[in-house]
Every structure is written in structure tokens, then in C-alpha cells.
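Chemist: Can you read through this structure? Questions will come right after.
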Amino acid sequence: MTYKHLFVGLLSTSILASTHLFAVEPLQPSPDYSRVSREIVDMLEGVHYNKLTIDDSVSSQAFDNYLDAIDPTRSFFLQSDIDSLEKYRYQFDDALRQGDTSIAYEIYNLYLERAESRLEYTLDHVIDMVKGFDYSKQESLSLDPDTIPWAKTTEQLDDYWRKRVKNRALTLKLNGESDDKIIDIIERRYKNQLRLVQQTHASDIFQTFANSVAEVLDPHTSYFAPRASETFNINMSLSLEGIGAVLQMEDDYTRVVRLIPGGPAERQSELQPNDRIIAVGQEGKNMVDVVGMRLDDVVDMIRGERGTKVQLEIIPSQGDGQTSRKIAIVRDKVKLEDQSAQKRIIEVKRGDQTYKVGVIELPTFYSDFAAIQAGDRNFKSSTRDTKRLIEELRQEDVTAIILDLRNNGGGSLQEANALAGLFIPAGPVVQIRDASGRVSILGDTDRSVTYSGPLAVLVNRMSASASEIVAGALQDYGRALILGGQTFGKGTVQVLQELDKGQLKITQAKFYRVSGESTQHKGVHPDIAFPSLLDENSVGESALDNPLPWDQIHETRYPVYWDFASYLPELEQRHDARVEKDPDFTALVEQIEEVRLQSEQFKSISLNLKDREQQRNEGETRELARENKRRKALGLPQVKRIEDIATHTEDDDLPDAYAKEASEILLDFIALYQQQNS
């Protein structure tokens, strides 16, 4: 399930009946949003790239999206509730078109009633529930929301909730918490969630309803109500201090989508993409459970004054899926200079000779627009900085250069075009097709070339958008070897449209390589692939719901400089032989296999204490053995505990395995090229 929940979903617990009265006032649609509703339909049908008619087919998918958004873990509604709501399946299109969204509120008001009664009952009985759990019993809980059906009876739903609460209590117990502390944490969770239910805004319901329709068209088209619009604009301008992470709601959890290059989280390096944040705390204060909390409320808690610490409790994406740990990040503003291009040199020994390979790390495609508007001739940009670094590397007599675009999520299209031009003479870089089918070509008009020597581009699954344009162009021109992983596959263009209330981010065009192939959905495939911890089935455009398809248009005219394809068989053979003996790559491959096994194993999880302790201990033993095997091969000191791995990273001051292997491949290419042309 990849629907981006812009609304609150609440974690389930156990309930039999509730003596509390329903206290939440039923919510009603605001007349202010009637016009907005019609504006959205007009833009989706008239401006969106697909120009899709909002009809019954769209309505049916939107109905499922809406239920998915408000009850993602199927914890509140019964099958009988769903059956009673089925009458609305084909009415979403008409409701949005006519500006009468009352059906969205009818559905949501039923959800509010179910949610409040269950949460209140849980708060009344949480003490007895936690003290009564039998952790020696053999039972398990399904963790895959896509396979969980709507409960047919109250008894089935009660049992599902009991298991969810037991799992949370067992996780806390494994983390060393006492029963009293466990009760306190769970009570605070449900009090907080009950408060959130009772503070639901009518505008939030409209936003969720509108997005249930918009996301049928593609995953990047979204409506932002005024508060969400403000948050979106803040994120785009990076104008508030925080941790530098893009977050998303997924099945009750706040998930880290990606880290902002140069931001506090990336510099601190403990938070990773796909980690789930389950609690947030301010320095010196208790942690607040955020499972099921609204995304914008979680973001507000993470933001704060520059220089202060925010405490996060996370479930690491590369762990067992349940064990959590706490980290602290110092808030800061993401500055342009923190995201700017950097260089380093990797020295590779071959026989008696040492070769220098320059690496230019480019976290994003940036340009200081404020300085440009102010007339500052010395404004910073990714192209200017990269050009300067290339010239510095040439002065240092490097044999080849690696352009490192790993984790570069994109940025300025104009900068991507200009940067590609540093490596090619004048020529096309990217084609753009709009909704009417018109194709425009963006290219480099400067015939000068800053660097014409051996070049590789290092990419991974988090390289997206503008990064894919550059990598694709240099691959098509035969100008660079593309190494690493398949890129993200975001080949669409969005614009932000102001509405009567809020904003609509809408897809209006697609990117195409000079070869005519789209970067959409498929991304850029490397010439030589490296193993990756990022699962292509769960990360990337193809993992999202309703992505626009890959297609191609006519190629444009462009020269090909080097015939890399003829060298690839020998390059790959040498690469395979090298990494088979490389301690870093060996450890990485073993870790990838471990993560794969865990992802399969933890689609359901045991609620038995001894089983969970055994799973955790076996996992830690394997991780420790894998790390010490790598360290022994590299001549580094051994570690005795899992906790010591993070604190001993300063021992491992070697270049990262990917960049080092990319250097080796470039040197192989140079040697083969010289042999053929000598």
C-alpha cells in the first residue's frame, strides 16, 4: 500500500464495548470548498498531462483510496460498515464535480464514531490488558496491511486489536521497559490519538477526499489545503529549522522518504530512508508517541529553534521491523553551502603506480536565485561549483573523474542542463513533452567542454528527476559510464496552481532522453550494477500507486563519443572478480540477503517473548559476525557489541566501497581503451 496518507490514521487496540457517549460533533462540509472542488475537477481534466475524464472508473478507485487513507490498517471499520458505504463507490466523481462533498463527511463521521468509541474503551482497560498478556502463548500478528481483510465480526476486530496492543507492549518489554512504564506509554498514545480525533478539521476531510481522486491520475498530483499548503511551501523554501528530512504518512507511521542533502539528519547519519518515527521528544522532556498522529503535527514537533536537540525514537528500516532505538539530532537550517558540490580524491594502487581519481559529490542541482536577482555576478550554482572543482582536480593531475549523483533527488532543470554541458559540446540534453503532445528540446548552447576525459556517473535508487536527466544524457552521448543502481524513475514535471483555497500540485509534462526514451517509471539503468540495500520494489516511482507509464518518442540528433558497450563484457568480468574478494562488497551482499530474509519473515511477527528474544539475538549475532569479518579483512579493530559498530566508524576511514570500485572500473576502461588504440 503506497497511498500517501495526508490524514490521520489511528493505531488499533482491543475493545469489547464502550460505555462512553459519542462526544465528537459530526463534521459538515464548508461552503467555501464548493468552488475549490469544481476548480480541482476543471484542472484535473483540462491541465493534467493525461487529460483523464473524472468518471465512475476514477470514482471507484478514489473510493478505495479514501477508505485506505482514513483507516489504512483496517482497524476500525467492519466489513458490514464497508458494505453500507459501498453505495458511494461511484459518486465521488459527481460529488467533486458538483461541489457537494457531503458523502466524504458522512463516511468520515462514521469513522470518527468508531474511532472514538474504541479509543475510549482502550483507555478504560489498558491497565488490565497489559497486566493480563500471556507472552508464553504461541500466536502471531500480521504486519502486511495489504493482506489484512476487513473484519467480519466485532470479535475478529477485537482480537486483531488485542494483538496490536500486545505487540506494542512486547516491543517495549524487549526494550527494557517495566509494566508501569509500558502502561504509561500506551495510555499516552491513545490519549493523544483521542485528542487528535476530537480536533479533526473539516478542511482535512476535504483534502483527503480531493487527494483520493487526484492520486488516481498519478502519485505526484496533490491538493494542499491552506495549512498543508503552508507546510509544503516551507519545505520547498527550506525556511524553517528542522532535521532536513522528507516525511510521509504510511499505515499509521511517519516514514522517512529521503534526507535533504547537507541537512542535519544526513550529516548525523543515524536516520535513514524508510526508517519509521514512532516518538518525538524535546530536549529534557518525555518522548511523545506519534504513531497515528497527523503528519503536519509530527512535522511541527520536529521543527524548532536552531541549535536545539530533538529526540526521535525510530524503527530502523534495516532492522527486524519492531525493535526501536532512540537518536538525537541538532536542529539546523539547510544552507546552500551545505548542499554545494564537494570534491575528494581516491588513490588506487596498481602495481608500482598510484592513480588519482577525482570524485565530485553533487547532493542537489542548486542555484542561488536570490543572489542572481540581486545582480551578484558571483552567485553560487551547481554548474559553477562543479566547473571550479573540475579545474582544481585537473591541477591535481587526476586520471579520471566520477560525478557522484547518489541520493541526489533533483532540483533546478536549468542547472541540470548546464551541468551536462560541462562534459559535451553544444547539443540537446533533454526533451520535454507537454499535455498537448508538443515536444520542446532543452540543450547546451556553449560549444566549450570543461572536461573531456574518462568519466563515470555514480547513481542509486534515490537519484531522481534532474539527476536522471544528466545521467541519461551522458549515457546516450557515450560520454560516461553509468555505475551503481537503477535510478528512481521520476520523469514527470509538476506545477503549483493557486486555488480559491489552497494549492494543487499537478503533473503537466514528461521528460524524455535524447534517445527518445522516457526516464519515467524505469529510470536510468546502470551500465554496471552494484548491489544495493534499497529495494527497488519498495522504493522508487514503480513502487508508487498509479505512476505514469514509460514510453518513448522520436530521438533527436546527437553524437556518440565512446562505444562503451563494446567494453562492458570485459569490464563486468573484471568487476565481478574484484568485488567477489572485496570485504566491503561481501559484507554488503550478506547484509542485503539478511534484509531480504527479514522482510519475508516479518510479514507476520511472533507475540511469544522467547521467540522474539531468540530472533533478536540471532539477528544481532549475524550482524556482529558480518561486521567483524569485514573489519578483519580490512585490518580494522574488532567490535564486541552491536552498539560499538556505530561508535567505531571513525576507524573505517577508507573511501566508500562504491566510489572505490567505480574508480577501479574507470581505470580498467582506460587500460582497455589504450590497448585497443595503441
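Chemist: Provide the per-residue ³J(HN,Hα) series for region 182-199, in order, calculated from phi with Karplus coefficients 6.51, -1.76, 1.60 and θ = phi - 60°, each as a whole number of Hz, with x at glycine and proline positions.
Modeler: With the stated coefficients, region 182-199 comes to 4, 4, 4, 5, 5, 4, 5, 4, 6, 5, 5, 5, 5, 4, 5, 4, 6, 10 Hz.
Chemist: Taking amide H positions as placed in the peptide plane 1.01 Å from N, state which residues far from Ser317 in sequence (5 or more) or on other chains have amide H under 5 Å from it.
Modeler: Residues meeting the criterion, in which the H sits 1.01 Å from N, are Asp275, Arg276.
Chemist: Now a separate question. Could you pull out every one of the lysines with an alpha carbon less than 16 Å from that of Lys387, ignoring same-chain neighbours closer than 8 positions?
Modeler: Cα-Cα hits under 16 Å: Lys343.
Chemist: Note down the nm distance, to one decimal, between modelled labels 7 Å out along Cα→Cβ at Asp563 and at Thr399.
Modeler: The two pseudo-label positions are separated by 2.5 nm.
Chemist: I need the P(r) histogram for region 379-538: all alpha carbon pairs, bin width 10 Å from 0 out to the longest distance, whole percents.
Modeler: In order of increasing distance, the bins hold 11, 38, 34, 14, 3, 0 percent.
Chemist: With +1 assigned to the C-beta of every Lys and Arg and -1 to the C-beta of every Asp and Glu, and no other charges, what is the dipole magnitude of the chain about the Cα centre in debye, to the nearest 20?
Modeler: Values: 80 positive and 110 negative charges, 211 e Å.
Roughly 1020 debye for the chain.
Chemist: How high is the FRET efficiency from Glu45 to Val589, r the C-beta distance, R0 51 Å, rounded to 0.05?
Modeler: Numbers: r = 49 Å, r/R0 = 0.96.
FRET efficiency, Glu45 to Val589: 0.55.
Chemist: Efficiency by 1/(1 + (r/R0)^6): what FRET value for Leu672 and Asp446, r their Cβ-Cβ distance, R0 = 25 Å, to the nearest 0.05?
Modeler: On the way: r = 31 Å, r/R0 = 1.24.
According to the calculation, E is roughly 0.20.
Chemist: Another question, then. From the phi angles alone, apply the Karplus equation (6.51, -1.76, 1.60; θ = phi - 60°) to region 366-377 and give each ³J(HN,Hα) in whole Hz, x where the residue is Gly or Pro.
Modeler: 10, 7, 7, 4, 5, 5, 4, 5, 7, x, 6, 6
Chemist: Right, here's the next one. Check which residues have an amide H placed less than 5 Å from Gly491's amide H, if you skip close sequence neighbours.
Modeler: Gln520, His521
Chemist: With the alpha-carbon atoms as the only input, what is the per residue convex hull volume for region 132-235 in Å³? Show your work: numbers first, answer last.
Modeler: Numbers: hull volume 19.9 nm³, N = 104.
Residue-normalised Cα hull volume stands at 191 Å³.
Chemist: Can you sort Phe76, Phe669 by how many other beta carbons sit within 10 Å, fewest first? Before the final figure, lay out the partial values.
Modeler: Values: Phe76 26, Phe669 22.
Result, fewest neighbours first: Phe669, Phe76.
Chemist: Just going by the charge dipole of the chain, with Lys and Arg at +1 and Asp and Glu at -1 on Cβ, which of Ile390, Thr487, Phe365 is farthest out on the positive end?
Modeler: Ile390
Chemist: Another question about this same structure. With charges set only on the Cβ (+1 for Lys and Arg, -1 for Asp and Glu), what does the dipole of region 337-565 come to about its Cα centre, in debye to the nearest 20? Numbers along the way, then the final one.
Modeler: Details: 24 positive and 30 negative charges, 53 e Å.
Around 260 debye, computed over region 337-565.
Chemist: Once the Cα gyration tensor of region 417-461 is found, what semi-axes does its equivalent ellipsoid get, as square roots of 5 times the eigenvalues, in whole Å, sorted largest first? Write out the running numbers ahead of the final one.
Modeler: Working: eigenvalues 119, 51, 7 Å².
After scaling each eigenvalue by five and taking roots: 24, 16, 6 Å.
Chemist: Using DSSP to call loops (not H, G, I, E or B), can you name the GluC sites (Glu not before Pro) in region 72-138 whose Cβ has at most 16 other Cβ atoms within 10 angstrom? If you can, show how the numbers build up before the last one.
Modeler: Working: sites: Glu86, Glu106, Glu113, Glu116, Glu120; in loops: none.
The qualifying sites: there are none.
Chemist: Describe numerically, in nm with one decimal, the distance between label points set 7 Å from Cα along Cα→Cβ at Leu496 and at Glu618.
Modeler: Output for this residue pair reads 5.0 nm.
Chemist: Still on this model: Sort Tyr658, Tyr561 so that the residue with the fewest other Cβ atoms within 10 Å of its own Cβ comes first and the one with the most comes last. Write out the running numbers ahead of the final one.
Modeler: Working: Tyr658 22, Tyr561 15.
Ascending Cβ contact count within 10 Å gives the list Tyr561, Tyr658.
Chemist: Sticking with the crude label model, points 7 Å out along Cα→Cβ, report the distance from Asp179 to Asp124 in nm, one decimal please.
Modeler: For Asp179 paired with Asp124, the spin-label model returns 2.2 nm.
Chemist: For the chain, build the convex hull from the C-alpha positions and give me its volume per residue in Å³. Intermediate results must be reported in sequence, preceding the final value.
Modeler: Details: hull volume 113.1 nm³, N = 678.
In the chain, the Cα convex hull volume per residue is 167 Å³.
Chemist: Each residue of region 80-87 in turn: what ³J(HN,Hα) in whole Hz from Karplus with 6.51, -1.76, 1.60 and θ = phi - 60°, glycine and Pro shown as x?
Modeler: Using θ = phi - 60°, the values come out as 5, 5, 4, 4, 6, 8, 4, 4 Hz.
Chemist: Please give the direction-averaged projected area of the C-alpha convex hull for region 32-217, in square nanometres with one decimal. Please list the in-between numbers first.
Modeler: On the way: hull surface 48.9 nm².
About 12.2 nm², averaged over all directions.
Every number in this text was worked out from the coordinates using simple rules, so none of it is lab data. This one's a predicted model, so the numbers in the text were calculated from it and none came from an experiment. All Cβ positions, glycine included, derive from the backbone under ideal geometry; neighbour counts span all protein chains shown.
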